[in-house]
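Below you'll find the structure, written out as structure tokens, and then a few comments.
The values are calculated or read from the model by the stated rules, or taken from the named source; none is laboratory data. None of these values were measured; they are calculated from a predicted model. Positions of Cβ are backbone-derived with ideal geometry, glycine not excepted, and every protein chain shown enters the neighbour counts.
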Amino acid sequence: MKNGIAVDLRNVVKRFAEVYAVDHVSMQIRDGEFFSMLGPSGCGKTTTLRMIAGFEFPTAGEIALHGKLVGTTPPFRRNVNTVFQSYALFPHMTVAENVAFGLQMKKTPQAEIARRVEEALDLVRLGGFSGRRPRQLSGGQQQRVALARALVNHPEVLLLDEPLGALDLKLRKEMQLELKSLQERVGITFIYVTHDQEEALTMSDRIAVMNAGKVLQVGTPTEIYERPVCRFVADFIGETNFIEGLAGGVEPDGVATITTDDGLTFRAQTTRPVTPGAKVTLSIRPEKAFLAVQSPPPGTPNCFPVTVARVAYIGSDTRIDVRLGQGRLFDLWEQNSRSTLDRDAYWQPGETGFLWWPAENALVLTE
Amino acid sequence: MLDTPTTRKPYVTGMDSRRSAGMLALGAHTILTMVFLYAPIVVLVAFSFTRDSFGVRWTGFTLDWYRRLLADQRLLGAALNTLYVALTSTIVSTIIGTMTALAMERYHFRGRTGFDALLYLPIVIPEIVMALALLAFFAFSFGILELLSGLRLQMGLGTVTIAHIAFTISFVVVVVRASLKGFDMRLEEAAQDLGANEWQTFRHITLPLILPGIIGGALLAFTLSLDDFIITFFTTGPGTSLLPVEVYGQVKRAITPKINAISTLMLLVSITLVFLSQFIQRRR
Ligand SMILES: Nc1ncnc2c1ncn2[C@@H]1O[C@H](COP(=O)(O)OP(=O)(O)OP(=O)(O)O)[C@@H](O)[C@H]1O
Ligand SMILES: [Mg+2]
């Protein structure tokens, strides 16, 4: 079953009254993959997950689990388990009873239940907690019980809806690493919903970026960050500078010339065909542009004299806003690679310099 | 029950006199409240053991009234009838009431708001109206039945039981719904996600978690049925009688400590039930 398709969404639509919560979504989640769905609040992540789990049925389109269409199969007949954001642990049962619940429903022999429950609790490092009630556990421990309760059933796919949302930052980081290594050990397909982009980037094999019920891009973290297909994705993941202009000619190596209406000319990488004369947007990430004291050698692309407007020192980086052309603001980050208190080592507002970046560091977006 | 707060450590000095005055007032208030609430009951119980045949003076201890009680076939019969009606109506109204509460909390159907209001009606309308309505209903339906099939039915235990079911359902619904408000529906989804079908979900998750509410509703229904007078009075037929109506009849003739004795026994039943329900809920 490895390298097969675990979950196949084909043109799935979910409508609530007038609202398209999920709007013609098609994507394929591979076996054993850590797949994240990322997007702003209300974009349809939970609804998509609930349709895979069987709590909602699509208005149109189809969902297949390992090639079999699920139609209106109820949740209890799908070999898919969910870790809920609220954990939804059963308050009247002990930790062990919570974890055993799924196996009990499947009439697994008692001896096997005991063994697997112990295994699952060890897996999430809750060995000594089996006799406790959920309310006697911390948030992180409850989260791990929820995880064990799902994993003990050996589901084909594990759905996780913002499982770390209720935890504080430090615990969250810890659990991210733990979840990731756990997923690698058990080899179960994880579909992970989050609206924390950093979480998605660090944990996922692939990410689907969603907005307003639609999937905008599916790709590896690097693809999503370095080659966003549209303005929304570029903006939602990380930070970036947008410059709007008209496309000129495209050279054979894919570098296009773009002119803005205030008369600036840029050269940037295209990843898709661009028709000359079309309105396009340039996206340049702040860490991919540079500020030089002296004019770079003639012929350097994308080089502009600028004035420093604002400087924010944040420790690892200094974030600098510069003005170019007729007052257009541009954000760039400079790494503080030297340790010094020397004022001259840092840019100050009012200083002038030269902003530049190589053509391949800027991306032409057509949408 | 109120309790004097002695566990808190005094951390402010120089206020001790004011504090103790406050404590005194609080203590006095507590005692007065208890006296007000429980003194009549204590008197009632005490005078079920007095030798005085009017039950107003203490002239020595005796169990005579209880002995006479056990010999009073009418009173005993009424007590058994009462228990039968209370038990039957409680069981039926608890089941129907719980199912209604679940449906009301879970589903949105047409006419839900209207139905909601209708459910509360038996709680707010005067009991005498409810009693007369039930009486009219029974008379009317028995009339129709006789016309259609020639079958002659009479008011009796059956009709009181139905009447008690009718007026206690609403109370059960209210209590069970209150406990459903605090019930996290996502737990049911979690159970289904783990492979439990609808019945298993209800049996293992919903029922245990709302059981305190159901027990509370059942207890309320039982108590209401046990001491109901007006509806009982109008819906029992000739020949059958229930305890409250029977006691009323006897009191009209003469007050004897026998009445105290039967009241004490009823009190015992109620207290036992409360403790039982506490015990069941504690054990979970
Ligand atoms: N049961 C429902 N009835 C009506 N509208 C719904 C229902 N469930 C979801 N919606 C709507 O569908 C849209 C998508 O909701 P969904 O919960 O999938 O968003 P989400 O991406 O999970 O958001 P969040 O990050 O806030 O959890 C929202 O506009 C929401 O209001
Ligand atoms: Mg959500």
Next item on the list: Go through the range B:244-279 and give me each residue that's closer than 20 Å to B:PHE233 by Cβ and either touching a helix residue (DSSP H, G or I) at 6+ places or on another chain (Cβ under 7 Å) or surrounded by 15 or more Cβ atoms within 10 Å (Cβ to Cβ) (or both).
Entry: B:PRO244, B:VAL245, B:GLU246, B:VAL247, B:GLN250, B:VAL251, B:ILE259, B:ILE262, B:SER263, B:MET266
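Counting only residues that are within 16 Å of ligand 1 (Cβ to nearest atom), more than 7 Å from every other protein chain (Cβ to nearest Cβ) and part of a loop (DSSP other than H, G, I, E, B), how many does the range A:80-89 have? Show your work before the answer.
Kept after step one, since they are within 16 Å of ligand 1 (Cβ to nearest atom), are these residues of the range A:80-89: A:82-88.
In the following step, the residues that additionally are more than 7 Å from every other protein chain (Cβ to nearest Cβ) were identified as A:83, A:85, A:87.
Among the residues that remain, those that are also part of a loop (DSSP other than H, G, I, E, B) are: A:85, A:87.
The number of residues fulfilling the criteria is 2.
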Item checked: Condition met for A:GLU156 (away from chain B (no Cβ under 12 Å), surrounded by fewer than 18 Cβ atoms within 10 Å (Cβ to Cβ) and either within 16 Å of ligand 2 (Cβ to nearest atom) or among the acidic types (Asp, Glu) (or both)) -> yes
Checklist line | Condition broken by A:GLY39, with the remaining ones in (1) within 25 Å of A:SER204 (Cα to Cα); (2) more than 9 Å from chain B (Cβ to nearest Cβ); (3) surrounded by fewer than 20 Cβ atoms within 10 Å (Cβ to Cβ); (4) not β-branched (Val, Ile, Thr) satisfied | finding: (3)
Margin query: Can you tell me which residue is modelled with the highest pLDDT among those in the range A:22-72 that are basic (Lys, Arg) and more than 12 Å from ligand 2 (Cβ to nearest atom)?
Written below: A:ARG30
Item checked: Residue among A:THR46, A:THR72, A:THR108 that is within 16 Å of ligand 1 (Cβ to nearest atom) and either β-branched (Val, Ile, Thr) or farther than 19 Å from A:HIS154 by Cβ (or both) -> A:THR46
Check: When A:GLN85 is evaluated against the numbered criteria (1) under 12 Å from A:ASP161 (Cβ atoms); (2) more than 16 Å from ligand 2 (Cβ to nearest atom), which criterion, by number, is the only one it fails?
Finding: (2)
Next item on the list: Scan the range B:138-163 and report the pairs whose first residue is part of a helix (DSSP H, G or I) and whose second residue is surrounded by fewer than 16 Cβ atoms within 10 Å (Cβ to Cβ), with Cβ atoms within less than 6 Å and a gap of 6+ or a chain change.
Entry: B:PHE142/B:LEU153; B:LEU145/B:LEU151; B:GLU146/B:ARG152
Next item on the list: Looking only at the range B:119-131, decide whether some residue is at pLDDT 90 or above, surrounded by 12 or more Cβ atoms within 10 Å (Cβ to Cβ) and of a type outside the set (A, V, I, L, M, F, W, C).
Entry: yes
Note to self: Can you pull out every residue in the range A:50-62 that is under 21 Å from B:ASN197 (Cβ atoms) and more than 8 Å from ligand 1 (Cβ to nearest atom)?
What the structure shows: A:MET51, A:ILE52, A:ALA53, A:GLY54, A:PHE55, A:PHE57
Notebook entry, point to check: Being exposed (fewer than 12 other Cβ atoms within 10 Å of the Cβ), part of a helix (DSSP H, G or I), among the β-branched types (Val, Ile, Thr) and free of Cβ contacts under 8 Å to residues at least 12 places away in the same chain, is that true of even one residue in the range B:93-108?
Noted result: no
Checklist line | Subset of the range A:256-265 [surrounded by 18 or more Cβ atoms within 10 Å (Cβ to Cβ) and either over 25 Å from A:ASP331 (Cα atoms) or touching a residue at least 40 places away in the same chain (Cβ under 8 Å) (or both)] | finding: A:ALA256, A:ILE258
Margin query: Return the residues of the range A:60-79 that are more than 12 Å from chain B (Cβ to nearest Cβ) and either acidic (Asp, Glu) or surrounded by 15 or more Cβ atoms within 10 Å (Cβ to Cβ) (or both); say none if nothing qualifies.
Written below: A:GLY61, A:GLU62, A:ILE63, A:ALA64, A:LEU65, A:HIS66, A:VAL70
Checklist line | Qualifying positions in the range B:37-69 - under 23 Å from the mean Cα position of the chain (by Cα) and among the hydrophobic types (A, V, I, L, M, F, W, C) | finding: B:LEU37, B:ALA39, B:ILE41, B:VAL42, B:VAL43, B:LEU44, B:VAL45
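Only one of B:THR161, B:THR201, B:THR168 is among the β-branched types (Val, Ile, Thr), more than 25 Å from the chain's Cα centre (by Cα) and at pLDDT 90 or above; which?
Of the residues listed, the single one that is among the β-branched types (Val, Ile, Thr), more than 25 Å from the chain's Cα centre (by Cα) and at pLDDT 90 or above is B:THR201.
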Next item on the list: Specify the residue that is farthest from ligand 1 (Cβ to nearest atom); the eligible residues are those in the range A:30-41 that are of a type outside the set (D, E, K, R) and within 19 Å of A:ASN11 (Cα to Cα).
Entry: A:PHE35
Note to self: Out of the strands (runs of 3 or more DSSP E) lying entirely within the range A:326-367, which hold 1 or more residues that are among the charged types (D, E, K, R)?
What the structure shows: A:328-335
Next item on the list: Determine if the range A:293-314 includes at least one residue that is among the basic types (Lys, Arg) and closer than 30 Å to A:MET210 by Cβ.
Entry: no
Next item on the list: Return only the number of the condition from (1) more than 15 Å from ligand 2 (Cβ to nearest atom); (2) within 14 Å of another protein chain (Cβ to nearest Cβ); (3) over 27 Å from B:ARG203 (Cβ atoms) that A:HIS92 does not satisfy.
Entry: (3)
Note to self: All but one of (1) more than 12 Å from chain B (Cβ to nearest Cβ); (2) within 12 Å of ligand 1 (Cβ to nearest atom) hold for A:HIS24; state the number of the condition that does not hold.
What the structure shows: (2)
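Out of curiosity, is B:PRO238 surrounded by fewer than 18 Cβ atoms within 10 Å (Cβ to Cβ) and within 14 Å of another protein chain (Cβ to nearest Cβ)? First the steps, then the outcome.
On the way: surrounded by fewer than 18 Cβ atoms within 10 Å (Cβ to Cβ): yes; within 14 Å of another protein chain (Cβ to nearest Cβ): no.
So B:PRO238 does not fit the description; no.
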Check: With the range B:183-239 as the region, which helices (runs of 4 or more DSSP H) entirely inside it contain at least 2 residues that are of a type in the set (A, V, I, L, M)?
Finding: B:186-193, B:207-226, B:230-235
Notebook entry, point to check: What are the residues in the range A:95-107 that are among the hydrophobic types (A, V, I, L, M, F, W, C) and facing chain B (nearest Cβ under 9 Å), if any?
Noted result: A:PHE101, A:LEU103, A:MET105
